[in-house]
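Notes follow the structure.
None of the figures in this text is laboratory data; all of them are computed from the coordinates on show. All of these numbers come straight from a predicted model, not from anything done at the bench. Note that each Cβ is placed from the backbone with ideal geometry, even for glycine, and that neighbours are counted across all protein chains shown.
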4 protein chains.
Amino acid sequence: MHDAIPDTVATHTDREWDLRVQLAEFYHLVDFLGWSEMIFNHISARLPGSKGHYLVNPFGLYYDEITPDNLVKVDLSGNIIEASRYPANPAGFALHAAIHGARDDVHCVVHTHTTAVSAIALKQAGFGHDDFYGAQLVGRIAYHPFEGITIFPDEKARMAASLGDKHVLVLRNHGIAVCERDIPSTFWLLWTVQRAAEIQCQAGMVPGKNVELSDEVRRRCSESIDHLIEDAAFATSLFDATVRKMRRKRGALWPRDTNLENREQTSED
Amino acid sequence: MHDAIPDTVATHTDREWDLRVQLAEFYHLVDFLGWSEMIFNHISARLPGSKGHYLVNPFGLYYDEITPDNLVKVDLSGNIIEASRYPANPAGFALHAAIHGARDDVHCVVHTHTTAVSAIALKQAGFGHDDFYGAQLVGRIAYHPFEGITIFPDEKARMAASLGDKHVLVLRNHGIAVCERDIPSTFWLLWTVQRAAEIQCQAGMVPGKNVELSDEVRRRCSESIDHLIEDAAFATSLFDATVRKMRRKRGALWPRDTNLENREQTSED
Amino acid sequence: MHDAIPDTVATHTDREWDLRVQLAEFYHLVDFLGWSEMIFNHISARLPGSKGHYLVNPFGLYYDEITPDNLVKVDLSGNIIEASRYPANPAGFALHAAIHGARDDVHCVVHTHTTAVSAIALKQAGFGHDDFYGAQLVGRIAYHPFEGITIFPDEKARMAASLGDKHVLVLRNHGIAVCERDIPSTFWLLWTVQRAAEIQCQAGMVPGKNVELSDEVRRRCSESIDHLIEDAAFATSLFDATVRKMRRKRGALWPRDTNLENREQTSED
Amino acid sequence: MHDAIPDTVATHTDREWDLRVQLAEFYHLVDFLGWSEMIFNHISARLPGSKGHYLVNPFGLYYDEITPDNLVKVDLSGNIIEASRYPANPAGFALHAAIHGARDDVHCVVHTHTTAVSAIALKQAGFGHDDFYGAQLVGRIAYHPFEGITIFPDEKARMAASLGDKHVLVLRNHGIAVCERDIPSTFWLLWTVQRAAEIQCQAGMVPGKNVELSDEVRRRCSESIDHLIEDAAFATSLFDATVRKMRRKRGALWPRDTNLENREQTSED
């Protein structure tokens, strides 16, 4: 299927190509870590220098089938604006459109509903903030009520209002959307939310009370995280190391994967 | 063991051969996704144009040992009606016979009892409908009480009566049977039920109340799913993509697996 | 380490060699299925025609390092009675000695404490009998209280008394011992107990009551299982198929593994 | 990246080199067993014959990227004291500094917060002592309250006071630190704590009371473990066997991994 790469690839700027590579790596990471839902859901990235253009997966492919080439370019309505042999899924892009349309500071949006995240999203109490990862999320989470499986156009404005200036949107009864200023930061925050959900589910099964954190300790946690978020190198270190780990295990992620040599060492399993 | 393929293979119509390939792929998928129970249980498919003939696995093989060739052809009593070097398991076919015998609209039946499905089947409340996947199952599930490990002939009529016109039959204390008009739709519905069970078990361990969905939202979910079920391409996209994913990880599923090249890309893990 | 195979191998009768192969396969299966505890615990088999001689793993090896050659021959006290370059672990053999010494009908004993089994063994209520696998265990389980990590000699008689004529011994606060008339039957019963534990833990996390089975249904389940246990071919089919599955995934289990070709098909993952 | 190995390697004494190999193996084991948190956390070892010098991972690498060469040498403040092309993470070393600085009997410290361990650390009740592994931990565990994500210098003294003469420190709301006299003993104790956490979480989900152990049985368990801890060969057997298992599955752990041949047998999966 990769023999006939569309000519449009030649016209990608270096900057767009780098973004396509990093976004394709993010798709593969979500598959690698077991956070994907078969062929469903999306991760979207805003194209630098464009007026409302985004890269997103075409419909019908697993996340580990995504390549820098087959990402499609869509507008805020989810319509493909550059020739592609793959179909888009405009209905599925609505959640992403709602966030990108309302938040200029956001350059990447990811949506998941892993088992642990779905369980927390189903509970009235939502996320707790007493475990190591939950403590990092104090003040960063918003909640949106479930209106149905398909997002109808008028839900977008309500969704943006629910999110406000936060970076994690819990879609009640459903899952989460996580958004940040770049791909590595979005990956880091997604991982933090996933770990919080896993630990809170596991702790939930153990009878007896949790140790509650004081407001003072929570404030200190929140400040520690503020500093880390400002340090772009931190999230990039995590993202790059996890991509290296994936390439050690899986080899080339796509044909002509030129980053394959960047694997740090040879151990395979 | 595959050196001596029975001559009867040559007599399969193209239509039967295509069904054998797709059914064998379904068996491998259930193994690949970890939903099988060693050598036990069955997936059955109605032979097109036949009067009550079905394809089913012979007894004693793992699901990933099933090939288009070694599927056996049985009648509604589970007896083999075409020469085969493998034994059948007529007793085990009773559940499938009960459904196929009563429902002409059904062309595929699958039975599983994974850990999550078994847990929900054990509870008096059965499946919930407040999570993303459970909401899709509103109005699609029937329940049948447990009468014993072996199905005695007179249980078949009671089982068909329990199912009625639904597509998911919860076998209380035991597991589920899922049936649909073709193999891809059955796979899609089975996956939806499995995900609902996983999430409901996980949410069950978290103390506190669930967010309950209103009747209005549930009705909208049900309608969204009605539309998807009518769109055959949707379930086929999911089935084909998951089979591609399996072939990327496992390589050839059986000797002379002519679909091996259909793997979309080269990443392996 | 396998270059110098002890000369004693040449003196093994065919019957002993076949038992060594099947027991080594059982060790590998327990590792393959994730039921082992690093280098700890044992599976023992009675040597046919001997007076109280048993085959068991030497201390310090993982279960997937066990070969037909390196199994050691011990007496009821756990002392090695045939030259071996591996050490035995007489203290660890006490549980096996207690059962073999008291039950001539038993030819194989396996001890595990997987996470699910350990959880059920920790509860006062022990195993339930309302799920599909638990229903098969009605009347087959005995319980023994925990006296400490090391078994002191006088505990053996109490352990044998606890077991009575049952085939599953729950070691409270600790794990289980399963024993049957041959290796395949022991494997089958161990798998049934493991599945019951997994499902009962999973169902335990879901709020609300279980559907309870009537005495009539339980009696029917128990009779169904009696018939299966009498049919040696049933357990052997399961054991052999699972060993084939393992060889498909792992290749040769040990140097000169002559059963490697018995893999049914070529799919690998 | 390994082409230019620092010249300093040539100056390592044999004793330091052996420690570097064993510590790198420990890092790989924690990754292999799924106990790592991406690139975060540390395992530290005291350099024999030194005055307060320690080996620890540089920041930004996964645990399976650690090699004997790239471990950095730091002082009690976490500052690198030997040229390295990798950065250190002094803030992250604070927990290790607190323990090493206070306990001359300790030669290795490991910090984890797996899902199961995090769940137990979140509960007011902490670890139980009624299951097989928990019983081994009677009298060996200390607790320290959570003060925030970053350790501030004055917390070190409070942390050392919390630990006292114990070998497991539960960091409430966070995770654990485990310390022992050498690397194999630390690995063994870490594994015991991990298994206790897994089983206690699993048992927690099953309704009904646990079987409680008497003081007499607990005392016997504790004495059994005292004897094992004194026997250095026991922990070394476990550590070496688990490293062999890892090399069977993963092959070489790093370039020029001279221990690769020490794999006992050839089975791969």
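Over the Cα atoms of segment D:134-198, compute the convex hull volume and normalise it per residue, giving Å³.
Values: hull volume 6.2 nm³, N = 65.
So the per-residue hull volume is 95 Å³.
Between C:F146 and residues 5 or more places away or on another chain, which pairs have amide H atoms under 5 Å apart, with H built 1.01 Å from N, and which residues are they?
Amide H neighbours of C:F146, under 5 Å, 5+ apart: C:R172.
Take the Cα radius of gyration of segment A:43-83 and divide it by 2.2 N^0.38 Å, with N its residue count; two decimals is plenty. Walk me through the numbers before you get to the answer.
Details: Rg = 10.1 Å, N = 41, 2.2 N^0.38 = 9.0 Å.
Dividing the Cα radius of gyration by 2.2 N^0.38 Å gives 1.11.
On alpha carbon coordinates alone, what is the Rg over Rh value for segment A:89-161, Rh being the Kirkwood radius? Before the final figure, lay out each step's value.
Working: Rg = 13.7 Å, Rh = 14.0 Å.
Here the Rg-to-Rh quotient is 0.98.
Please compare each pair in A:K166/B:K209; C:K249/D:K245; B:K51/B:K73 to a cut-off of 20 Å on the Cα-Cα distance and tell me which ones are over it.
A:K166/B:K209
Give me the Kirkwood hydrodynamic radius of segment D:8-65, using the inverse of the mean 1/r over all pairs of distinct Cα atoms, in Å to one decimal.
Numbers: mean 1/r = 0.0818 Å⁻¹.
Hydrodynamic radius (Kirkwood, Cα pairs) of segment D:8-65 is 12.2 Å.
Enumerate the calculated ³J(HN,Hα) couplings along segment B:112-117 in order (Karplus 6.51 cos²θ - 1.76 cosθ + 1.60, θ = phi - 60°), each rounded to whole Hz, writing x wherever the residue is Gly or Pro.
After applying 6.51 cos²θ - 1.76 cosθ + 1.60, I find 9, 9, 4, 4, 5, 5 Hz.
If one takes the longest principal axis of the Cα atoms in chain A, at what angle in degrees, from 0 to 90 and to the nearest 10, does the Cα axis of helix A:14-32 lie?
50 degrees
For segment A:105-146, compute Rh as the Kirkwood radius over C-alpha pairs and then the Stokes-Einstein diffusion coefficient at 37 °C and 0.692 mPa s; write the answer in µm²/s, rounded to an integer. Mind dumping the intermediate values first?
Values: Rh = 11.9 Å.
In µm²/s, the coefficient rounds to 275.
What is the percent of Cα-Cα separations in segment D:76-233 that go past 25 Å? Write out the running numbers ahead of the final one.
Working: 4204 of 12403 pairs.
Looking at segment D:76-233, the distances longer than 25 Å represent 34 percent of pairs.
If one computes P(r) from the Cα atoms of chain C, what percent of pairs lie at distances over 23 Å?
54 percent
State the antiparallel share, in %, of DSSP beta bridges confined to segment C:105-225, rounding to the nearest 5. Numbers along the way, then the final one.
Values: 9 of 13 bridges.
So the antiparallel bridges amount to about 70 percent of the total.
Between copies, how close do the A:R158 label points come, placed 7 Å along Cα→Cβ, listed in nm from shortest?
Output for A:R158: 4.6, 4.6, 6.5 nm, nearest copy listed first.
Can you check what the Kirkwood hydrodynamic radius comes to for segment B:61-110, Cα pairs only, in Å to one decimal? Working shown, then result.
Numbers: mean 1/r = 0.0839 Å⁻¹.
That comes to 11.9 Å for segment B:61-110.
Build a GNM of chain C with springs between Cα atoms under 10 Å: which of C:V243, C:V211, C:V168 gets the top mean-square fluctuation?
Looking only at C:V243, C:V211, C:V168, the largest GNM fluctuation is found for C:V211.
By Cβ position, which chain B residue lies least far from the axis that rotates chain B onto chain C, and what is the distance to the nearest whole angstrom?
B:M205, 3
Can you compute the modelled spin-label distance between C:Q124 and B:E216, with each label point 7 Å from Cα toward Cβ, in nm?
Roughly 4.9 nm, to one decimal.
Rank C:A235, C:A98, C:A83 by mean-square fluctuation in a GNM of chain C with C-alpha springs under 10 angstrom and give only the top-ranked residue.
Of C:A235, C:A98, C:A83, the most mobile in the Gaussian network model is C:A83.
How far is B:P90 from the same spot in each other copy, in nm, shortest first, if each label point sits 7 Å from Cα toward Cβ?
Reported distances to equivalent positions: 5.8, 5.8, 8.2 nm.
May I ask you to give the average projected area over all directions of the convex hull of the Cα atoms of segment D:1-155, in nm² rounded to one decimal? Walk me through the numbers before you get to the answer.
Details: hull surface 41.6 nm².
Average of the hull's projected areas for segment D:1-155 equals 10.4 nm².
Report the one residue of C:H111, C:A235, C:I81 whose Cα lies farthest in the direction of the positive end of the charge dipole of chain C (charges on C-beta: Lys and Arg +1, Asp and Glu -1; origin at the Cα centre).
Farthest towards the positive end: C:H111.
Quick one: Karplus J couplings for segment A:248-256, per residue in order, coefficients 6.51, -1.76, 1.60, θ = phi - 60°, nearest Hz, x for Gly and Pro?
4, 7, 9, x, 4, 7, 7, x, 6
Hey, if you drop one equal point scatterer on each alpha-carbon of the protein assembly as shown and run the Debye formula without solvent, what base-10 log of I(q)/I(0) do you get at q = 0.06, 0.07, 0.08 Å⁻¹?
Result of the Debye calculation: -0.47, -0.66, -0.89.
If you put a point 7 Å past Cα along the Cβ direction, how far is that point for A:N259 from the same point in each other copy, in nm, smallest first?
Taking the point 7 Å beyond Cα along Cα→Cβ, the inter-copy spacings are 3.2, 3.2, 4.5 nm.
How far is helix D:215-230 tilted, in degrees, relative to the longest principal axis of the Cα atoms in chain D, given as a value from 0 to 90 rounded to the nearest 10?
The answer is roughly 20 degrees.
Go ahead and set up a Gaussian network model of chain C, Cα springs under 10 Å, then flag whichever of C:E230, C:E216, C:E65 fluctuates most.
C:E216
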